[in-house]
Every structure is written in C-alpha cells, then in structure tokens.
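The values are calculated or read from the model by the stated rules, or taken from the named source; none is laboratory data. Small disclaimer: the values here were computed from a predicted structure and weren't measured. When we count neighbours, we look across all protein chains shown, and the Cβ atoms used for this are built from the backbone with ideal geometry, even at glycine. These accessible areas exclude ligands, DNA and RNA; they are computed on the full protein's heavy atoms, side chains included. Shrake-Rupley method; radii C 1.70, N 1.55, O 1.52, S 1.80 Å.
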Amino acid sequence: MTLAKIVYASMTGNTEEIADIEVEIDECTQVDAADFEEADICVVATYTYGDGDLPDEIVDFYEDLQEIDLSGKIFGVCGSGDTFYDDFCKSVDDFEAVFTQIGAKKAPTALKLI
C-alpha cells in the first residue's frame, strides 16, 4: 500500500488547513466519473493493457469523464505499464488529455495558494 504523508509548518493555521486533506480511494467500477465534481483534487491511477489500451474495467469511467466539466479542479494521473510496448503507459496520457479537455488543471510541481 502506498502511504501519503503530509508534513506542515503553520503559525496561523492557514498552512495546516491547506494540508488537512480528506482522501477517498475507490475502485473505478464502484464510482461514477461525476463523483469528481464534488472533489477539489482528482486523481486517476490506472495501468495500460497491452499495446496502449485502457483496461476494460475503466473504459466506462473514461468515457463518462469526457462528459463532465471539471473547470477549476486540480488533477493528477499515475499508472503502470510495460516498457516492452511502444505506447508505454498510454492510459496515463489518455486520462491526462481528457482531464485537460474538460477544464481541469494539472497539478504543478509546486502548488502555491493564496
């Protein structure tokens, strides 16, 4: 299991508030893409099957995602694949393109909030 650990320094409580994140982890067949509309940060973790194919179990989610508006949301995508194939981790690229198309903004390397 991957562990996400957040460490913060806060004098007034503002940075502590930013670092206080509720995380929900769901398997793709158990949720709707529209559930991302309630989130501030949207993350998809997927693998790439064969030569650049989306996994069968996430295809419906991927297609439904294209129909919603995530303007103002921050997104991230990660995944696994095999370097044997020409289209290494193509599913990650496919999701990144859809998130961008529907208005979400890719998480920057450093996030600065006002």
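Numbers below:
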read-out: Among 10-18, 40-48, the order from most to least packed when residues are scored by Cβ within 10 Å on average; value: 40-48, 10-18
read-out: Given charges at beta-carbon only (K, R positive; D, E negative), |dipole| of region 36-114 in Debye; value: 700 debye
read-out: Solvent-accessible area, 1.4 Å probe, carbon plus sulfur percent, for the chain; value: 50 percent
read-out: Surface accessible to a 1.4 Å probe, per residue, for the residues of region 1-61, Å²; value: 83 Å²
read-out: Positive-end extreme of charge dipole, the chain - chosen from S10, T46, F75 (charges on Cβ); value: S10
read-out: DSSP bridge orientation in the chain - percent antiparallel, rounded to nearest 5; value: 10 percent
read-out: ³J(HN,Hα), Karplus 6.51/-1.76/1.60, whole Hz, each residue of region 91-105, x for Gly, Pro; value: 4, 4, 5, 4, 5, 4, 5, 5, 4, 5, 4, 9, x, 6, 10
read-out: Using a Förster distance of 41 Å, the FRET efficiency for D87-E67 (Cβ separation, nearest 0.05); value: 0.95
read-out: Gain on full stretching of the segment that runs from T12 to Y47 - 0.36 nm per residue minus C-alpha separation; value: 8.5 nm
read-out: Label-to-label distance, nm, for residues given as D60 and V31 (7 Å Cα→Cβ offset); value: 1.6 nm
read-out: Per-peptide average of other Cβ atoms within 10 Å, ordering 19-27, 1-9 highest first; value: 19-27, 1-9
read-out: Pairwise centroid distance, computed over Cα atoms, of region 36-110 with region 1-27, Å; value: 22 Å
read-out: Karplus 3J(HN,Hα) series, Hz, for region 78-87 with 6.51 cos²θ - 1.76 cosθ + 1.60 (x for Gly, Pro); value: 9, x, 10, x, 10, 5, 4, 8, 4, 9
